[in-house]
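Have a look at the structure below before the remarks.
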Amino acid sequence: MMKFCKNILPAIVALSATFWGCSSNSSTAGNSAETGSPELAGILFLDGGKPAALARVQCVPQDFDATSETLPAKYMTETNANGQFSLDSIPTGTYSLEAYHEESGERLLVQNVKVTEDDSVAVNDTLAVPGALQFYLFNSLKEGSVGVATVLGTTVLREVVVHDGKVLVDSLPAETLSVHLYFENDSLEYGGVVVVSGDTMAVAKIIEPDPSIVKTFVAPLALPKGTDTLSSFVSDIPLALRLTPDNSDFDSLAKLMSRADGRWEVVRISPDGGRSKKLPIAKPSLNENEAVFWVNVDSLNVADSLELSYNSAVESAYANDVFPTNRSYSLVWHFDSGLSSVEDAAEKGYFAGNVDSAAGAELSASVVGNGVSLGAKDFIVAKNSSDLDSARKVNLTLASSGYFCFSVWVQLESLDKEQTIFEKSEEYALRYVPEKGFVVELYYMSNDIENTADSATRINFWNSGTNDIVAGEWIFVAFNRHQNERVTFFVNDVKVDPEVEYAGWDGIRENLHDFKVGGFTGKIDELNLGGCYRDDSWTRLTYLNQKPTGSWPMFIK
């Protein structure tokens, strides 16, 4: 977009002192991090996890223009040794929060922070190494032309020079930005460009751009009728959002998803119209029945809605933390990536599945997207799942002590014989036993349970019973064990309360075998395994979200 801009170059020298991160006077940094009654406060960390001590923090009004304004001192402060900051007496409004750590060079930009008269706002976040943008410009801009780049509503102001028909804007915070380039007689605007930490992104020259394609879908988070209200607060929960022929123009949607350009995004919208930050969303998958978008919802309020949107003018980029490791997702198999190797969608993605098929394992439309059909002699193995090395720092040896959880969807072809769903030899297993239903086995060594009354080496069993288990139907099985050995066990959305049973065990663990799925005839989908305890609300919402018919939430057509 071309606009006329008068006399911008004379302002460059006068404004150079306001280049954020280029000069500082700590004696005028505003409020301390320990005093006052803050309206905006938080804790900031460096990318490696340490507190961002003595980082400069600025709260910038939404309409601030760095080419013509200087930010008042009352909007600036500095973090203390623990990375804490606070700003008092910030007027009601919408702001950008900026932070710069001079020693590491890491930056942070959080946009659309809303400060109200009645509420304090907490912003806790992590700084990152800044990135850069490279723009291809119009031929009318001469080689060597000098200008500035700004991001409206921030103090970002950078000198730029045209070189070989391109402009490089360096030291930008990793965020989605609208960048304005000002030259003596011209200005250009680029909206929705993504700055990647440490990388350079090229923004192509568009001479006659096609009209942007924008699609928006809304899914209310209100629970289905007849569903109990939530018994606990639920945050950071991954949800599958599904577009189908019933709630969208599915043929045109399939064409849209085949495009190389554009990005899908999700925000949470409150009843008063307030919008959250963009939520982490994974690259969508598509089969003949539905398009699936996995999104991590920061906090679940059933009065809110989720808004899914597509914009062809925005660069494609997706999150890798929809199933974050810090929420104890150790393995996540959706079975949507094919069977040459089953992709692990957990944040670190350490445990891809290797398929050993005797009967011809195959993908098929399933609970969420695709699942996999297995014969009794088909197996999927996560190799090196017992090894702890410096690259991974985690393994799938989870159940001998501490927290342990899993959830999975299983469809058994018959119920007349014992079958293994998954196992990690001499550690844990999920099996089906005709007279007992689904059986969870946890293997205990005496030194794993030395703080309990009975410290004998043993196997613990929990049986689900046979209610609601039907051959040829999808069954949701979820198990959660607390550190104190308290467990919850679900079949579909029904919580069962089994008594623990014990069996002797010789305790031999000379060879810890890899995690393995298989030993049954039927289908499997959405296998999650982790080292945490998920409460009843989390488990029931996961069931409602993933179930193959009548799932929640659903988009309004």
Discussion item. Quick check: residue separation of residue 513 and residue 303 times 0.36 nm, minus the Cα distance between them. What number comes out in nm?
Written reply: 71.0 nm
Worksheet item: Dipole of the range 214-311, Cα-centred, from +1 at each Lys and Arg C-beta and -1 at each Asp and Glu C-beta, to the nearest 20 debye?
Response: 280 debye
Practice prompt. Mind sorting out which of (1) 39; (2) 49; (3) 43 is the real percent of Cα pairs over 37 Å apart computed from the coordinates?
Written response: (3)
Discussion item. Could you tell me the extents of the range 329-531's C-alpha atoms along the three principal axes, largest first, rounded to whole Å?
Written reply: 48, 44, 27
Item to complete: Calculate, in nm to one decimal, what residue 184 and residue 433 gain on full extension: separation in residues at 0.36 nm each, minus their alpha carbon distance.
Response: 81.8 nm
Worksheet item: Given the pairs 383/424; 114/348; 50/278; 215/278, which are separated by over 22 angstrom at their Cα positions?
Response: 114/348; 50/278
Worksheet item: What FRET efficiency would be calculated for the residue pair residue 497, residue 413, taking the C-beta separation as r and a Förster radius of 25 Å, to the nearest 0.05?
Response: 0.30
Worksheet item: Of 282, 476, 226, which is farthest along the charge dipole of the chain in the positive direction, counting Lys and Arg as +1 and Asp and Glu as -1 at C-beta?
Response: 282
Worksheet item: Using Cα atoms only, what is the angle between the long axis of helix 536-546 and the major principal axis of the chain, expressed in degrees (0 to 90) to the nearest 10?
Response: 80 degrees
Item to complete: Only Lys, Arg, Asp and Glu count, each charged at its Cβ (+1, +1, -1, -1), so figure out the dipole size of the chain about its Cα centre, rounded to 20 debye.
Response: 660 debye
Worksheet item: Taking the C-alpha atoms of the range 232-329, how large are the radius of gyration and the largest Cα-Cα span, Dmax, in Å?
Response: 14.0, 41
Worksheet item: To the nearest 20 debye, what charge dipole does the range 329-531 have about its Cα centre, counting +1 at the Cβ of each Lys and Arg and -1 at the Cβ of each Asp and Glu?
Response: 240 debye
Worksheet item: In nm, to one decimal, how far is the residue 65 label point from the residue 134 one, both placed 7 Å along Cα→Cβ?
Response: 3.2 nm
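Each value in this text was obtained by applying a stated rule to the coordinates, not by laboratory testing. If you're wondering where the values come from, they're calculated on a predicted model, not measured in any experiment. Reconstructed Cβ throughout: ideal geometry from the backbone, glycine too, with neighbour counts over all protein chains shown.
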